[in-house]
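Below: one structure, written as structure tokens.
The values are calculated or read from the model by the stated rules, or taken from the named source; none is laboratory data. Because the structure is predicted, anything quoted here is derived from the model rather than measured. Cβ atoms come from the backbone with ideal geometry, glycine included; neighbour counts cover every protein chain shown. Ligands, DNA and RNA are stripped out before the accessible areas are found, and what is left, the full protein with its side chains, is counted by its heavy atoms. Shrake-Rupley method; radii C 1.70, N 1.55, O 1.52, S 1.80 Å.
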Amino acid sequence: MNRLRGNAQCWCGSGRKFKRCHGDQRAMRRRPVQPGRVGPLLAVPSSITPPDYVNGQLPVTSSSFQVHSGESLERLRVACRVAAEVLETVGREVAPGVTTDYLDQVAHEAFISRGAYPSTLTYKGYPKSICTSVNEVICHGIPDDRPLQEGDIVNVDVTGYVEGMHGDTSATFGVGEISPSLQALIDVTRDATLLGIAAVAPGRTLNAIGAAIQPYAFAHGFGVVVDYGGHGIGSVFHAAPHVNHTVHDWDTTPFEPGMTFTVEPMITAGSPNHHMWSDGWTVAANDLLPTAQFEHTVIVTDAAVEILTLTAQGSSPAGTLALVAGETLTPKP
Ligand code: MF3
Ligand code: CO
Ligand code: CO
């Protein structure tokens, strides 16, 4: 499996070299994101039950899988629907001039009005209610006072805790008008996420996810982050299994009906090598080229897989499996 090279013909059929078409890194490159000022901790009303790790306790991690059915699945469905609604609400606010801190406030209020605790708030010391990862930031960007600029892209990652369950979902949004190559990065990342999800079914193994995602990203000339993956989720925020988005033939954990986990690939315009900001959270691409990410919480069903992080209307800014079924994906190479 080879990543499409700059001198190869672009996958879009233009007949131009990839590096002069959707792989034009000069058209994608943005001014490096500078850390801004992070606002004070926002309060959560005492009527909302926080997860165990709030109030000083260490987060429970679980080395066993999260498996849900019946009553516990109903509760997880609520948490995932709330997360999808909050993501949709925040997505509507993304615009030039809006600060990521404002997006955090919108999410914070949207969680609270639904009786949910924003899972990231004080998680291992994380100071905000969502993650906002702009341009070359790969994941875990902390909302701050930097106004979004026309042509930026921003991943908004929301996790909410309600009914004793965490629901986790994210999407990457363009800010105003963005370049066609950045739109392609977003589209390929969303479609790769959905293809990874669609590869899940009982009888198959965990490595089916990366086997669907990495070749798709590579065929479009993009990279895949190796070091961060999806995770089991339910009453615990980050549980087993670790979900790889790259090809790992050895990873033959079988899918079992009821298993719940996230699929959340980070796709890079350039190299997936990364570094950490001095804030200890923000992960950024070394080459400072933009990256995108989408995330859903899913459950293995008796027949295949179901996305749980959808609104009551069945929609999501992160897309639905109808996109895979309808073959409306980014042009195939
Ligand atoms: N929501 C992120 C995920 O997809 C986790 C964020 S943890 C934080 O797993 F502490 F960085 F916020
Ligand atoms: Co996650
Ligand atoms: Co997330």
Task: Among the residues listed as P290, P265, the single one being in contact with a His (Cβ under 7 Å, 6 or more places away or on another chain) and open to solvent by less than 10 Å² (accessible area, probe 1.4 Å) - done: P265
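Kindly establish whether A201 is within 22 Å of T320 (Cβ to Cβ), more than 16 Å from ligand 3 (Cβ to nearest atom) and either modelled with pLDDT of 95 or more or over 17 Å from the mean Cα position of the chain (by Cα) (or both).
It is true that A201 is within 22 Å of T320 (Cβ to Cβ), more than 16 Å from ligand 3 (Cβ to nearest atom) and either modelled with pLDDT of 95 or more or over 17 Å from the mean Cα position of the chain (by Cα) (or both).
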- [ ] Within the range 71-81, identify whether any single residue is closer than 19 Å to H238 by Cβ, buried (at least 19 other Cβ atoms within 10 Å of the Cβ) and either out of contact with any Ser or Thr (no Cβ under 8 Å at 6 or more places or on another chain) or among the β-branched types (V, I, T) (or both), and answer yes or no.
- [x] yes
TODO: Answer yes or no as to whether H274 is within 15 Å of ligand 2 (Cβ to nearest atom), surrounded by 17 or more Cβ atoms within 10 Å (Cβ to Cβ) and under 24 Å from F173 (Cα atoms).
DONE: no
TODO: Scan the range 162-187 and report the pairs whose first residue is in contact (Cβ under 8 Å) with a residue 40 or more places away in the chain and whose second residue is surrounded by fewer than 20 Cβ atoms within 10 Å (Cβ to Cβ) and part of a strand (DSSP E or B), with Cβ atoms within less than 9 Å and a gap of 6+ or a chain change.
DONE: L182/G174; I186/G174
Open item on the list: Being surrounded by fewer than 24 Cβ atoms within 10 Å (Cβ to Cβ), more than 14 Å from the chain's Cα centre (by Cα) and either assigned to a loop (DSSP other than H, G, I, E, B) or of a type in the set (K, R) (or both): is that true of E306 here?
Closed with: no
- [ ] Sort out which residues of the range 14-38 are in a loop (DSSP other than H, G, I, E, B) and over 22 Å from E136 (Cα atoms), and write them in order of number.
- [x] S14, G15, R16
TODO: Out of the residues in the range 212-247 that are in a loop (DSSP other than H, G, I, E, B), open to solvent by 40 Å² or more (accessible area, probe 1.4 Å) and closer than 30 Å to Y53 by Cβ, state the one that is nearest to ligand 1 (Cβ to nearest atom).
DONE: H238
Task: Test result for E177, away from ligand 3 (no atom under 16 Å from the Cβ), within 23 Å of G23 (Cβ to Cβ) and open to solvent by 20 Å² or more (accessible area, probe 1.4 Å) - done: yes
Open item on the list: Anything in the range 144-166 that is surrounded by 24 or more Cβ atoms within 10 Å (Cβ to Cβ) and under 16 Å from V44 (Cβ atoms)? List them, or say none.
Closed with: V158, T159, G160, Y161, H166
TODO: Under 7 Å between Cβ atoms, at least 6 apart or on separate chains: pull out the pairs that start in the range 254-278 with a residue that is under 30 Å from R30 (Cα atoms) and end on any residue that is open to solvent by 10 Å² or more (accessible area, probe 1.4 Å) and outside any loop (DSSP other than H, G, I, E, B).
DONE: T262/H231; A269/Q25; G270/Q25
Task: Residues (farther than 12 Å from M266 by Cα and assigned to a strand (DSSP E or B)) located in the range 164-205 - done: M165, H166, G167, D168, T169, F173, G174, T205
Open item on the list: Considering only residues that are under 16 Å from the mean Cα position of the chain (by Cα) and under 26 Å from Q34 (Cβ atoms), which ones fall in the range 119-137?
Closed with: T120, S129, I130, C131, T132, S133, V134, N135, E136, V137
Open item on the list: Where the second residue is among the acidic types (D, E) and the first is at positive phi and lies in the range 81-108, which pairs have Cβ atoms under 8 Å and are six or more apart or on separate chains?
Closed with: none
- [ ] Go through the range 143-181 and give me each residue that's in contact with a strand residue (DSSP E or B) (Cβ under 7 Å, 6 or more places away or on another chain), of a type in the set (A, V, I, L, M, F, W, C) and within 16 Å of ligand 2 (Cβ to nearest atom).
- [x] V156, V158, A171
Open item on the list: Quick check on the range 100-121. Is at least one of its residues closer than 21 Å to R30 by Cβ, in a strand (DSSP E or B) and more than 16 Å from ligand 3 (Cβ to nearest atom)?
Closed with: no
TODO: Answer with yes or no whether I153 is more than 19 Å from L310 (Cβ to Cβ), within 16 Å of ligand 3 (Cβ to nearest atom) and within 16 Å of the chain's Cα centre (by Cα).
DONE: no
